[in-house]
Amino acid sequence: MGCDGRLSGLLRRNLQPTLTYWSVFFSFGLCIAFLGPTLLDLRCQTHSSLSQISWVFFSQQLCLLLGSAIGGVFKRTLAQSLWALFTSSLAISLVFAVIPFCTDVKVLAAVMALAGLAMGCIDTVANIQLVRTYQQDSAVFLQVLHFFVGLGALLSPLIADPFLSEDSCLLANGTANVTSGSHPLHASRVLGQQHAETRPWPNQTHPRPSPQDGAGTRVSYAFWIMALINLPVPVAVLYLMSKERLLTCCPQRTPLLLSADELALETQPPEKEDPASLPPNIPHPAHEDLFSCCQRRNCRGAPNSFFAIHITAALVLFMTDGLTGTYSTFVYSYAVEKPLSVGHKVAGYLPSLFWGFLTLGQLVSIPISSRVRPATMVFVNMVGVVATYLVLLAFSSSVVFLFVGTASLGLFLSSTFPSMLAYTEDALQYKGCATTMLVTGAGLGEMSLQMLVGWIFQAQGSYSFLVCGVIFGCLAFTFYILLLGFHRMHRARSSVPVQDKPRGAESPECYQR
């Protein structure tokens, strides 16, 4: 109960900044999931083939990775961080508003590249600011932060669905000729990128049928609604900047006095607090951008375990975030292929089920993370992911197991990122480049594994989808076991008093995380 009281006190003291960081991650989730359900309408709007429209996905993921890598540049001060969040969240609303006017696939790819940069900046800056605010107590608040990602990702397909066309213009334009093993795409239910082999568009232009003439207009309403829903987010960031007196137009205000509870919390000594875990008066190197933190002089004398923790933690998220992206993208295509041959409307519920349980898992993880160590949560998640993929592989012909496994994967993958981030930052005592490295590794995995699985899926068939999942899940679990070992080595080395014990001696304190 004392821990809960301390967390609630911390939240009261930082309520407005915390709510603002949570809200910008809602923008992140809103922008990350809308491409899937609107894929066919965007193809009709841009007169593009499947291979051409796939570059839109690639441009968004690539620029998300770049934005994550360089996002640390904008957080050296609170003013820079808030200006970056304001610009990024406003850019997302502008992207939603502009998409209906993109009639060329190259223009659409450029617009989505801008959205990817904004999302990457939000991903890095919001995570860093929340970790900087709460330090060793950040696990619970990171779980809430990533719950808002799932909430936005769940909401955007629901907003788009009523405005999607039932009759695909691709069929009307003579592009329905597919290979004998392929299936036609159902526009209103496609929540992931489809990789059925479709012949390229013919050079001649065919007249659109009358039901399809208004498709572009109807789906435009969905984008404009999402732009309006996201608009309060940059307003909230701007309001926080005014409260922090970071706008020159705002008059200076005297700070409010602390309440009695906050004053007692302020004067209360921390429980079992190690001096090394207290925030220093200078900015942490953990919050540098990727390029700056890798060049810091204080890293030269760091032990090998220090760098190994960074690398293995980033590799774990490389695999788990890649699994999240690939499963939500290809589960529809897997379900409609030969072994299962699920109906298109029924298969369309699978991505929604995945995102729904991923959001539910993030919500359930909020109270759990205040009582369970982040390392334990990640371990349970890794075992659950591998076990679920093995069950799906063993019962690959069962539709029931596919739905149950989809829900199970959403639950186990939901809290992996925030738990890994909290665990790694705590293991490194908030030194190094953990946040930037983990965000960059996750973005790189989401981009590259989707491309890899898409290529293997087309070349080897639908069964390879589950095989890739088992391989990636086992690799993630292996990297996590290595991370635990490197943390044990690093903790033992850091806890040895130089004056009393020989170098390399084992600390009597047992490994807790």
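The values are calculated or read from the model by the stated rules, or taken from the named source; none is laboratory data. Values in this document were obtained by computation on a predicted structure and should not be read as measured data. With ideal geometry, Cβ positions are generated from the backbone for all residues, glycine too; neighbour counts draw on all protein chains shown. Note: accessible area is taken over every heavy atom of the protein model, side chains too, but ligands, DNA and RNA are not part of it. Shrake-Rupley method; radii C 1.70, N 1.55, O 1.52, S 1.80 Å.
Going by the conditions given, is residue 364 within 15 Å of residue 465 (Cβ to Cβ), assigned to a helix (DSSP H, G or I) and open to solvent by 50 Å² or more (accessible area, probe 1.4 Å)? When the stated conditions are applied, residue 364 does not pass them.
Please find, within the range 81-95, the residue that is most open to solvent (accessible area, probe 1.4 Å) out of those that are within 17 Å of residue 34 (Cβ to Cβ) and in contact (Cβ under 8 Å) with a residue 60 or more places away in the chain. Per the stated criteria, the residue is 94. Do you know which of the residues in the range 53-75 that are modelled with pLDDT of 85 or more and buried (at least 23 other Cβ atoms within 10 Å of the Cβ) is nearest to residue 454 (Cα to Cα)? My answer is 60.
Looking only at residues in the range 122-164 that are open to solvent by less than 10 Å² (accessible area, probe 1.4 Å) and hydroxyl-bearing (Ser, Thr, Tyr), the one that is modelled with the lowest pLDDT is 138.
Could you tell me whether any residue of the range 456-463 is outside any helix (DSSP H, G or I), more than 21 Å from residue 316 (Cα to Cα), out of contact with any Ser or Thr (no Cβ under 8 Å at 6 or more places or on another chain) and of a type outside the set (Asp, Glu)? Yes, there is a match, as at least one residue in the range 456-463 is outside any helix (DSSP H, G or I), more than 21 Å from residue 316 (Cα to Cα), out of contact with any Ser or Thr (no Cβ under 8 Å at 6 or more places or on another chain) and of a type outside the set (Asp, Glu). Checking 135, 143, 129 one by one, the residue that is at positive phi and either touching a strand residue (DSSP E or B) at 6+ places or on another chain (Cβ under 7 Å) or of a type outside the set (A, V, I, L, M, F, W, C) (or both) is 135 and no other.
Of all residues in the range 443-473, exactly one satisfies the criterion of being touching an Asp or Glu at 6+ places or on another chain (Cβ under 7 Å) and at pLDDT 85 or above, namely 445.
In the set (1) over 24 Å from residue 361 (Cα atoms); (2) modelled with pLDDT under 80, the condition left unmet by residue 111 is number (2). Among the residues making up the range 374-388, those that are of a type outside the set (A, V, I, L, M, F, W, C) and modelled with pLDDT of 90 or more are 376, 381, 384, 388. Within the range 390-447, being polar (S, T, N, Q) and outside any helix (DSSP H, G or I) holds for 396, 397, 398, 415, 429. If I ask for residues that are farther than 21 Å from residue 71 by Cβ and open to solvent by 10 Å² or more (accessible area, probe 1.4 Å), which ones from the range 402-426 would you list? 403, 404, 407, 408, 411, 412, 413, 426, listed by residue number.
Checked against the criteria, residue 476 does not count as among the aliphatic types (A, V, I, L, M) and either modelled with pLDDT under 75 or in contact with a Lys or Arg (Cβ under 8 Å, 6 or more places away or on another chain) (or both). Please work out if residue 78 is open to solvent by less than 30 Å² (accessible area, probe 1.4 Å), hydrophobic (A, V, I, L, M, F, W, C) and touching a helix residue (DSSP H, G or I) at 6+ places or on another chain (Cβ under 9 Å). So residue 78 does not fit the description; no. Looking across the range 96-121 at every residue that is surrounded by fewer than 19 Cβ atoms within 10 Å (Cβ to Cβ) and small (Gly, Ala, Ser), the one that is farthest from residue 66 (Cα to Cα) is identified as 97.
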